[in-house]
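Below: the structure, in structure tokens.
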Amino acid sequence: MISRDRVNAGIARRPVDRVPIFMWFHPETARRLGRLLEIPPEFVAEAMGNDVRMTWVNNNYAMEGIVHEQDGEGHTDPWGIAWVKEGAFNQIAHSPLADAGAEEALAYRFPIYAVEKLMAPMAAVARTAGNCFLGCDVSPCVFEMYWRLRGMEAAMLDMAADPAFADVMLGRCADFAVALGEIACARFPLDWLWTGDDVAGQQGMLFSPAQWRALVKPHLARVAAVGIARGLPVAYHCCGAHRDIIPDLIEIGITVLNPIQCNCPGMEPAGLKRDFGAALTFMGGVDTQELLPHGTESEVRCATARLLETMTADGGGYILAASHTIPPETPAANIFAMYDVAGVNREEIYDRAAEIRGRLG
């Protein structure tokens, strides 16, 4: 099967030759695998057998797509958010609306002038996707975009103390995600639209489900509607323990849920599959906090096999993925073991790497 057909069949619960795979590699992990496979890091996902090709067109590119070599290096993105590398990831050093009053915040304008720059990575992915399943990521869509602009404390205070003002600002965040989604859908032959907001922590929601339903859900629904109107599956990413809002996500038309942080309360894969598997395709569930970086190769094999058996019990509805980007400290043997259980063995990976080397000359 070609990758596009494999992912579509998995979502539709039709027979597949192997489980669809969409693995995210931290840039340092990709560089390490690239050295091992003797290919540039940008070709690692292809060599490993990933079935999905996707990139960011919204602010997540500023967070994840721009890679700095040294701690302390940084950049300011078109939104006016300053980022600095701390450890393995870029972190926010300054939020442009952190000290703004209501009038100044309401005067803020999203960087629609930068749309061509924002779409450029997606254009590059679309040109080279081949037979892969093509996705476009318009996240963060609502709350997470707002807190990046405003700062977490101020954003939470706005929602509690001045919900009318917060609703306007959250709506503007969604407006920009909608605009980017509509442009991307018009320009590229997308197979799904990817949305997302981290609205939960390791133990539960960052704010009450009632607040989420009142202030975030209606705007997220507008973003999802961009893909739904075009007949596309709509994926949603939220880290942490957000089980309380999963029925709401289904209600607004979300059909793929990621990343399934299995160590968080209520996010056990078996329970999610049992309760929501008829409506959702799940993507994720391979633990990146303990299992992949610190487990043995045997433990990774057993856990991956158990996850696949659980999540495909109804014939599909699952895409193999980790619960986050695969961290730099993960042993290569564990990564190969996970892929092997999924039906992609080391020999196949090395053969694809050789083909890539030949293609690049």
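Annotations for the structure displayed:
- The set of residues from the stretch 313-333 being buried (at least 21 other Cβ atoms within 10 Å of the Cβ) and either of a type in the set (A, V, I, L, M, F, W, C) or at pLDDT 95 or above (or both) comprises Gly317, Tyr318, Ile319, Leu320, Ala321, Ala322, Ile326, Thr330.
- In this structure, Arg352 does not satisfy being over 20 Å from Ser3 (Cα atoms), among the basic types (Lys, Arg), touching a residue at least 12 places away in the same chain (Cβ under 8 Å) and touching a helix residue (DSSP H, G or I) at 6+ places or on another chain (Cβ under 7 Å).
- Inclusion of Ala88 among residues that are among the small types (Gly, Ala, Ser), in contact with a Leu (Cβ under 8 Å, 6 or more places away or on another chain) and farther than 21 Å from Val138 by Cβ is not warranted.
- Flag for Asn345 being in contact (Cβ under 8 Å) with a residue 40 or more places away in the chain and either of a type outside the set (A, V, I, L, M) or surrounded by 21 or more Cβ atoms within 10 Å (Cβ to Cβ) (or both): no
- Of the residues Glu42, Glu46, the single one that is touching a residue at least 40 places away in the same chain (Cβ under 8 Å) and either surrounded by fewer than 20 Cβ atoms within 10 Å (Cβ to Cβ) or of a type in the set (Asp, Glu) (or both) is Glu46.
- So Phe282, is it assigned to a strand (DSSP E or B), out of contact with any His (no Cβ under 7 Å at 6 or more places or on another chain) and not basic (Lys, Arg): yes
- Any chance Pro121 is within 30 Å of Trp192 (Cα to Cα), in contact (Cβ under 8 Å) with a residue 60 or more places away in the chain and not hydrophobic (A, V, I, L, M, F, W, C): yes
- Test: residue in the stretch 167-177 that is touching a strand residue (DSSP E or B) at 6+ places or on another chain (Cβ under 8 Å) and surrounded by 19 or more Cβ atoms within 10 Å (Cβ to Cβ): yes
- Residue satisfying condition, being among the hydrophobic types (A, V, I, L, M, F, W, C), at pLDDT 95 or above, surrounded by 17 or more Cβ atoms within 10 Å (Cβ to Cβ) and not in a helix (DSSP H, G or I), within set Leu220, Leu249, Leu232: Leu232
- Any pair with Cβ under 8 angstrom, 6 or more apart, that starts in the stretch 17-35 at a residue that is under 23 Å from Met63 (Cα atoms) and ends at one that is of a type in the set (D, E, K, R) and crowded, with 20+ Cβ neighbours inside 10 Å: Phe22/Asp51
- Number of the condition not met by Trp79 [criteria: (1) farther than 20 Å from Pro328 by Cβ; (2) part of a loop (DSSP other than H, G, I, E, B); (3) over 21 Å from the mean Cα position of the chain (by Cα)]: (3)
- Residues in the stretch 306-337 that are free of Cβ contacts under 8 Å to residues at least 60 places away in the same chain and within 20 Å of Arg32 (Cβ to Cβ): Glu329, Pro331, Ala333, Asn334, Phe336, Ala337.
- Among the residues of the stretch 208-217, the one identified as buried (at least 19 other Cβ atoms within 10 Å of the Cβ) and polar (S, T, N, Q) is Gln211.
- Among the residues of the stretch 14-32, those identified as part of a helix (DSSP H, G or I) and within 17 Å of Glu64 (Cβ to Cβ) are Pro27, Glu28, Thr29, Ala30, Arg31.
- When the criteria are applied in full, Glu347 meets the requirement of being assigned to a helix (DSSP H, G or I) and among the charged types (D, E, K, R).
- Here is the figure for the stretch 61-76: residues that are at pLDDT below 95 and not in a loop (DSSP other than H, G, I, E, B) total 5.
- Looking only at residues of the stretch 140-171 that are touching a residue at least 60 places away in the same chain (Cβ under 8 Å) and closer than 16 Å to Gly101 by Cβ, we find that the one that is nearest to the chain's Cα centre (by Cα) is Leu149.
- For the stretch 37-69, the set of residues classified as on the phi > 0 side of the Ramachandran plot and not small (Gly, Ala, Ser) consists of Glu38 only.
- Qualifying residue in the stretch 126-139 (condition: surrounded by fewer than 19 Cβ atoms within 10 Å (Cβ to Cβ), free of Cβ contacts under 8 Å to residues at least 60 places away in the same chain and not small (Gly, Ala, Ser)): yes
- Number of the exception - Ser208 against (1) within 24 Å of Ala166 (Cα to Cα); (2) touching a residue at least 24 places away in the same chain (Cβ under 8 Å): (2)
The values are calculated or read from the model by the stated rules, or taken from the named source; none is laboratory data. It should be emphasised that the depicted structure is a prediction, and the values quoted were computed from it without experimental measurement. So basically every Cβ, Gly included, is an ideal-geometry build from the backbone, and we count neighbours across all protein chains shown.
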